[in-house]
Amino acid sequence: MRKIILKSMSIILISVIFIGCNHEIPLHTSTEISGNWVFKQVTDSNWLPATVPGSIHTDLLNNGIIDDPFYRLNEIDVQWIDIVDWEYVLLFNVEKDILKKDMISLVFNGLDTYSKIYLNDVLLLSTDNMFIRWTVDCKKQLVAGENKLRIVFESAINNGLESRKKLGYFLPGAENDQSELGGLGDKKVCVFTRKAGYHFGWDWGPRLVSSGIWQNIELESWNLASIENINVIQNNITKDSADIQFDVSVNSIKRSSLTFVLVLDNTMVETKSVNLEKGLNTISFPMVFHNPELWWPNGLGSQKLYDIEVKIKDNFNIISAESASFGIRSVNLVQEPDSVGSSFYFEVNGNPVFMKGANYIPQDIFLNRVTPQDYANLIKSAKEANFNMLRVWGGGIYERDFFYDLCDEAGILIWQDFMFACAMYPGNKEFLENVKKEAIQNVIRLRNHPSIALWCGDNEILSAWNRWGWKENVMENQGQNIVDTVWKAYDDVFHKILPDVVKEYDPQREYWSSSPSSGFGELENGKSGDNHYWGVWWAKEPFSKYEEEIPRFMSEFGFQSFPEFSSVKKYTNETDWNIYSDVMKSHQRSSIGNATIEEYMLRDYHKPKNFEMFLYVGQLLQARGISIGIEAQRRAMPYCMGSLYWQLNDCWPVASWSGIDYYGNWKALHYAVKEAFKETILSATIKLSKYELSIVNDKLQPIPAKLQLQVMDFQGNTIHNYSQVINIYANSSKIYLTDDINNLKKDFNNDEILIYSQITQGDSLLIDSRIDYLVPPKNLKLPKPSLNYTIELVNEYTCSISISTDVLAKNVFLQNDIEGRFSENYFDLLPGKQKVIFFTSDHKTSLDDFTSQFHIYTLVDSY
């Protein structure tokens, strides 16, 4: 490979160059291969229409061959699909002019997973990795006019069983592989196939092992040379200047001299003649940006994205062009030894930033059903809830480019796992080579996104091998030699191949070998690195443990809830409306699920009077618990510098740890984290007889403010007042008020009072407010509120609801059968206060329609 470095230039000083051009359309063409696809089972003769991109399950569903796998228990009836082979065929036309090009290739952006590809009955390629973009030369096989493309998909299950048999020993783990449901007994095969792990089942997902053409297919053709990719390398980033180097990888079919043109934000900034060698060349264009507009995480500034385009010209003809967006920013993972262990925080543009967000999983078990609007809605929801980070978890997929584009635009940083989770993997040569190819492709594809903050090797494998009994099981049943063999495979992938790939192809970003861990190959300890804390839920510890278990960075913790009743009704019928019905248990994949929700609920809440109220109170329970954890972690900054709960979203309708259900509805949790993740929050702790009020401020500037506190009964009568002018320190957590509970409550009982606090700036700008109680919700002597509300039509998509109450209204839940979202929900409303809520729908609505389907509940309605 040849590398050429051109003279450095400053984009401030460079002259703008204009060159006349007769042909501004690149001769390098890329055309999507589409049309009337058909499919069938290999052993069948009946062809059916197919949708591409798609999957075998959705094609069968669209043709009425199977019922909706998400409805009731239908998942059980479609397990036969993954043990047979399927084939897809398309007839497509090619123009004569295309065949004159020097190079013609078929590009398969996503094939799931084992396939054989035939063009005009000639075998072109065999594939074995869902995460790889496959490119194959097809110039010799193409003909002018009609061509036949045939793709045969082999069963991932049968391939996995064969690989399992050949391995010669048994791998521990993969407990989430629901092999029993698939009729395989305990033969778990997910680890043998480079395919999304969650397709085989998880403790929040179904077992639907699909196959098919899950991303589009393109026909690429070009002459002379083609740009493979642009690598945007950032060095020495400050507010005054940024050294940027654009490394352009170019494939040339012969030695040639061609002209390169660089266009930055639609302005031509460089033109240069370059001598290319046959094969792969790298041409470097250094630039200095003076006073660059920096890219910032959500909440700390704007997300400026620059656009660079590189064109290759042969005389006046553009023969290839490629573009990339990038944001100028520095992101460093800081691990400095201290008196406890080592820090673990992300420094962005020179500033320590507390990471707020959640773990992300794929949005559907059938990936072709996730639309651009689905992606946009989810990232918008994350931004609105004040997220600045998502962890793309290792049992799903390396997401589509569009997902990362949205995160770039929203200021959402990405903790990016490689696709390995909760299992030990084989270590044979073919598997390791496959993994390396996958890693190289995806690092190259994603490295220009300013949102990518970290590459992480795996999810929980290091911990599981050492602490979940896996190693001991292998030792006991297979011996030390197999222990060493299994560990060598792990070491090869996560301590050699993956870090080497990151070092070579994206050296400016950190590689973290396993989540959770305290260092490279070191087990989590709470004193360094990141932690997953599951004492709440799996060990059934109380929510108060969140205030004790404070790590340096919390990358997983969570608690479950059910979707709201309107969502549950979409996958059940009335006979299923009991949390212990077969259908509700099937749409709950945690081994301790529904009973654990009920156990925690009865600790803090009255037993709900019916199924619908159980779903409502269950969401309050989840929101309450996770809010306690988030606030405890934020109060502990700078010791703790990250709070990523499990999980943001769902891949099917289910009881899970998500804050947004499969249908896109915000649970009480997502409304709660929107408050808990605000840039500046009040946070209180009540222990024994002491009340402490802290303020956490993520802003990089101090805030002059006024702190006010009011103790009142549930009828709104004031018991105690406090006011103080304060200065809220920048990027900090600090206790601003400590008082004795007895001093605050006077002669009133704990179960009949609340503490309202707020911070304001200037005369009236409310920064944050909160309400605290001295006993759990079930011990509160709540009065029955009389709610008054008026509804007005703001426009044909939005209604406003003005609500007031005579006494405390706890956990006000607004519900409407029209699809849409309330600006606030599940909130507490004080007597004498009025709150205005907005409901927005994607569909036009009338005042009569909204009002007739509007319902309002409070906690006292649940029992």
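Per-residue extension of 0.36 nm, minus the Cα-Cα distance of K148 and I444, leaves a gain of 103.4 nm for this segment. Which whole-number percent is the relative contact order of region 752-835 (Cα, under 8 Å, 6+ apart)? It rounds to 21 percent for region 752-835. Label-to-label distance, T51 versus D85, with points set 7 angstrom from Cα along the beta-carbon direction: 2.7 nm. Cross-link pairs exceeding 18 Å between alpha carbons, from the set K195/K436; K380/K569; K570/K844; K139/K437; K96/K148: K380/K569; K570/K844; K139/K437. The residues of the chain present an accessible area of 39 Å² per residue when probed at 1.4 Å with all protein chains retained. Summary of the geometry: region 477-534 and region 373-388, compared by the centres of their Cα atoms, lie 31 Å apart. For region 93-129 versus region 774-805, the spacing of their alpha-carbon centroids is 60 Å. Bridge orientation summary for the chain: considering DSSP beta bridges with both residues in this region, about 85 percent are antiparallel.
Mind checking region 67-164 for GluC sites (Glu not before Pro) that DSSP puts in a loop (not H, G, I, E or B) and that have at most 12 other Cβ atoms within 10 Å?
Numbers: sites: E75, E87, E95, E146, E154, E162; in loops: E95, E154.
Qualifying residues, ordered by number: E95.
Amide H contacts of V269: L262, V263, L264, each under 5 Å away and 5 or more positions distant or on a separate chain (H built 1.01 Å from N in the peptide plane; Pro and chain starts excluded).
What dipole magnitude, in Debye to the nearest 20, does region 341-445 give about its Cα centre under +1 on Lys/Arg Cβ and -1 on Asp/Glu Cβ? Kindly include the intermediate steps, with their values, before the conclusion.
Details: 10 positive and 13 negative charges, 31 e Å.
Dipole of region 341-445, to the nearest 20 debye: 140 debye.
Principal semi-axes of the equivalent ellipsoid, √(5λ) from the alpha carbon gyration tensor of the chain, are 48, 34, 28 Å from largest down. 3J(HN,Hα) along region 584-592: 5, 6, 5, 8, 8, 9, 6, 5, 10 Hz, from the Karplus curve 6.51 cos²θ - 1.76 cosθ + 1.60 with θ = phi - 60°, whole Hz, x for Gly and Pro. Each residue of region 829-835 was assigned a 3J(HN,Hα) from its phi angle through the Karplus expression (A = 6.51, B = -1.76, C = 1.60, θ = phi - 60°), giving 10, 7, x, x, 9, 10, 10 Hz with x at Gly and Pro.
At R0 = 35 Å, how high is the FRET efficiency between S732 and N610 if r is their beta carbon distance? Nearest 0.05 is fine.
0.15
Going through the cross-link list K116/K140; K383/K496; K690/K781; K140/K254, which pairs have a Cα-Cα distance over 25 Å in this structure? As for pairs spanning more than 25 Å Cα to Cα, those are K383/K496. E309 label point, 7 Å along Cα→Cβ, cut-off 17 Å on backbone N: hits in region 26-46? Output list for this probe position: 26-30. About the centre of its Cα atoms, region 733-863 shows a dipole size close to 380 debye [charges on the beta carbon of Lys, Arg (+1) and Asp, Glu (-1) only; nearest 20 debye].
Overall, the accessible surface of the chain at a probe of 1.4 angstrom is composed of carbon and sulfur to the extent of 47 percent. Modelled this way, with points 7 Å down the Cα-to-C-beta line, the labels at Q708 and V794 are 2.5 nm from one another. Scaling the Cα radius of gyration of region 156-218 by the globular reference 2.2 N^0.38 Å produces a ratio of 1.17. Near the amide H of K699, within less than 5 Å, lie the amide hydrogens of N731, all on another chain or at least 5 residues away, with H placed in the peptide plane. In region 252-309, a dipole from Cβ-located charges (positive for Lys and Arg, negative for Asp and Glu) runs towards its positive end, and of L262, G279, N291 it is G279 whose Cα lies farthest in that direction.
Based on the mean of other beta carbon atoms within 10 Å per residue, what is the order of 308-314, 717-723, 750-756, most packed first?
Per-residue Cβ counts within 10 Å, averaged per peptide and sorted highest first, yield 308-314, 750-756, 717-723.
Between the beta carbons of K165 and I592, assuming R0 = 35 Å, the FRET efficiency works out to 0.60 to the nearest 0.05.
Across region 443-456, rounded Karplus estimates of 3J(HN,Hα) from the backbone phi angles (6.51 cos²θ - 1.76 cosθ + 1.60, θ = phi - 60°) give 5, 4, 5, 9, 5, 7, 6, x, 6, 5, 10, 7, 9, 10 Hz, Gly and Pro being marked x. Near Q303, the amide H atoms lying under 5 Å from its own belong to W296; only residues 5 or more places off or on other chains count, and H is placed 1.01 Å from N.
At R0 = 22 Å, how high is the FRET efficiency between K437 and R369 if r is their beta carbon distance? Nearest 0.05 is fine. Don't skip to the end; give the middle numbers.
On the way: r = 28 Å, r/R0 = 1.26.
Calculated transfer efficiency: 0.20.
Fully extending the segment from T135 to Q480, taken as 0.36 nm per residue of separation minus the present Cα-Cα distance, adds 120.0 nm. Each of V310, F131, N368 was placed along the dipole of the chain (beta-carbon charges, centred on the mean Cα), and the one lying farthest toward the positive end is V310. Around the Cα centre of the chain, unit charges on the Cβ atoms of Lys, Arg, Asp and Glu (plus for the first two, minus for the last two) sum to a dipole of about 1180 debye.
Look at the dipole of the chain built from charges on Cβ: of A539, I253, V107, the Cα furthest out on the positive end belongs to I253.
May I ask you to derive the relative contact order of region 218-292, considering only C-alpha pairs under 8 Å and at least 6 residues apart, and to give it as an integer percent?
34
Looking at region 553-612, the chymotrypsin sites (Phe, Trp or Tyr not before Pro) that sit in a DSSP loop and have at most 12 other Cβ atoms within 10 Å of their own Cβ are Y580. Separation of region 813-861 and region 416-474, taken as the distance between their Cα centroids, equals 44 angstrom.
Contact order for the chain, expressed relative to its length and based on alpha carbon pairs under 8 Å spaced 6+ residues apart, stands at 9 percent.
The values are calculated or read from the model by the stated rules, or taken from the named source; none is laboratory data. As the structure is a computational prediction, the values presented were derived from the model and not from experiment. Don't worry about glycine lacking a Cβ; one is built from the backbone with ideal geometry, like all the others, and counts go over all protein chains shown. The area values use the complete protein model at the heavy-atom level, side chains included, leaving out ligands, DNA and RNA. Shrake-Rupley method; radii C 1.70, N 1.55, O 1.52, S 1.80 Å.
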